[in-house]
Amino acid sequence: MSKCFTDARALLGDLLDRHESGVASPIGYPDYSAFADVVAIDRFNRELREAERQGAVRLAMGRGRNSEEIARVRLEASAGLYALLGRRPVGERADEASRRLLDGLQLSREFDSALQSLRKAWAQGRSWQRFSLDDVDRLRPALVMAQAILDGRHRGVDYRTFSRRIAGDSKALESLEGVVVRLLSSALELPPGARPRDALRTLGLEKFAPPMLLSGHLDFDVAELSAAAPLYFGIPPAEAARVRFRRTPQYCLTIENFASFNRHVMEADPQRAGVTIYVGGYPSLATQQALKTLAATIAPEVPFFHWSDIDPDGTWIFRTIERTLERKLTPHLMTVEIAERQGRCPVDRVRPALAATSAISDLLVYLQREDAKWLEQEELDPMIPACDHGVSLGRDQLLA
């Protein structure tokens, strides 16, 4: 529905707004039914006729008994209208804002695509990630923090301290998480469906690392937890080097979902034949490093498996753990056949990044398809991963 106006300058300004957004020859309409009185109508018409005399717009009059009324106003010459309204072209303002934004910053080329997107939006009078060209001072710290993260200056520093050191405000990152992650997504492979806070956790920026949960015949330093046989126990990820294996496990399985983790250790492997680890959804950098430490202490013949949702985020988690372990990782209950048999087509489709060398490459290729189905791992009953030929067996089958 077309906008109608009783303020001539507002109508003319709207014509320029739409011109800057890419509309060719935009048109505006008066709203004669909404004028307060005849004096307001006369002032409105007088201002528009002056704009026409200066060649900025063209007026079209009504017909019949409305022939004295202006029916519509079409933009003719944007330069003349800019001069009439005392307004600068948005392209000039966008260029100036961009220069101010980047002044003195040395940004990596990986951010070029995001910055081009920003300039294009500003040049059309639109906001970018909810930042307009008048928000340069608010946006600039996001660029500074994104570059610092890309340079690795966040390593070993907690969330608030990093924000204070880099942006001069301990709460700056909290208010700019979304745009910082948007900038980093053009430079790094981040989980496609993660909230900004979760995406930053995977890079090592978190207030406190959540505990890592483990189940199996395990001891912790001098504490003989295997004798007590708890369902599972939690440790700070940084303490992973203190975990001891009472006996060589049949397998090691990392699990994304907490409910699936619980079901696996209670239903599929109550005898603790393997080691089962809950990675906390998107594994934080601390969890990734802990997994690497544990993998280095487990005998090389012990197979490693991972179980996630069959969707782009699940494959991202698999590939992250695969890169972290530096040893073979096999997908568990994550196959094209399972997806086709039990999955559903998503409403909003996101495609994962392809990786030819990954053990999950076939699933990555499948998820590129328009008809690919996704599946949450909670839909599946847990099974013990077999150690031969990558075939999963149920507990009853394994013990038979």
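Restricting LEU225, LEU184 to those that are without any contact (Cβ under 8 Å) to a residue 60 or more places away in the chain and in contact with a strand residue (DSSP E or B) (Cβ under 6 Å, 6 or more places away or on another chain) reduces the list to LEU225. Set side by side, the residues GLY156, GLY125 differ, and just one is touching a Ser or Thr at 6+ places or on another chain (Cβ under 6 Å) and part of a loop (DSSP other than H, G, I, E, B), which is GLY125. A single entry from ALA172, ALA146, ALA123, ALA167 fulfils the requirement of being surrounded by 15 or more Cβ atoms within 10 Å (Cβ to Cβ) and at pLDDT below 95: ALA123. For the structure I just gave you, tell me whether GLU110 is assigned to a helix (DSSP H, G or I), under 22 Å from the mean Cα position of the chain (by Cα) and not aromatic (Phe, Trp, Tyr). Yes, satisfied. When the strands (runs of 3 or more DSSP E) confined to the stretch 1-84 are screened for residues that are within 23 Å of ALA121 (Cβ to Cβ), those reaching at least 1 such residues are found at 70-75. The condition (being buried (at least 23 other Cβ atoms within 10 Å of the Cβ) and either among the hydrophobic types (A, V, I, L, M, F, W, C) or farther than 17 Å from PHE233 by Cα (or both)) is satisfied by just one residue among ILE298, ILE277: ILE277.
Condition check: in contact (Cβ under 8 Å) with a residue 24 or more places away in the chain, within 20 Å of the chain's Cα centre (by Cα), surrounded by fewer than 20 Cβ atoms within 10 Å (Cβ to Cβ) and part of a helix (DSSP H, G or I). Does VAL179 satisfy that? No; evaluated as a whole, the condition is false for this residue.
Per-residue answers, yes or no, for (1) at pLDDT 95 or above; (2) touching a strand residue (DSSP E or B) at 6+ places or on another chain (Cβ under 6 Å); (3) outside the structural domain of ALA359 (by TED's automatic domain parsing):
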{"position": "PRO300", "(1), (2), (3)": "no, no, no"}
{"position": "TRP307", "(1), (2), (3)": "yes, yes, no"}
{"position": "TRP316", "(1), (2), (3)": "yes, no, no"}
{"position": "GLU326", "(1), (2), (3)": "no, no, no"}
{"position": "LEU329", "(1), (2), (3)": "yes, yes, no"}
{"position": "MET334", "(1), (2), (3)": "yes, yes, no"}
{"position": "GLU337", "(1), (2), (3)": "yes, no, no"}
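Looking at this structure, is ALA114 surrounded by 18 or more Cβ atoms within 10 Å (Cβ to Cβ), touching a Lys or Arg at 6+ places or on another chain (Cβ under 8 Å) and aliphatic (A, V, I, L, M)? Against the criterion (surrounded by 18 or more Cβ atoms within 10 Å (Cβ to Cβ), touching a Lys or Arg at 6+ places or on another chain (Cβ under 8 Å) and aliphatic (A, V, I, L, M)), ALA114 qualifies. Mind checking which residues of the stretch 211-231 are in a loop (DSSP other than H, G, I, E, B) and surrounded by fewer than 19 Cβ atoms within 10 Å (Cβ to Cβ)? The answer is PRO211, ASP221, VAL222, GLU224, ALA229, PRO230, LEU231.
Of all residues in the stretch 86-107, which are aliphatic (A, V, I, L, M) and under 27 Å from the mean Cα position of the chain (by Cα)? Answer for the stretch 86-107, where residues must be aliphatic (A, V, I, L, M) and under 27 Å from the mean Cα position of the chain (by Cα): ALA94, ALA97, LEU101, LEU102, LEU105, LEU107.
The values are calculated or read from the model by the stated rules, or taken from the named source; none is laboratory data. The structure presented is a predicted model; accordingly, all values stated were derived computationally and were not measured. No Cβ is skipped: glycine too gets one built from the backbone with ideal geometry, and neighbour counts run over all protein chains shown.
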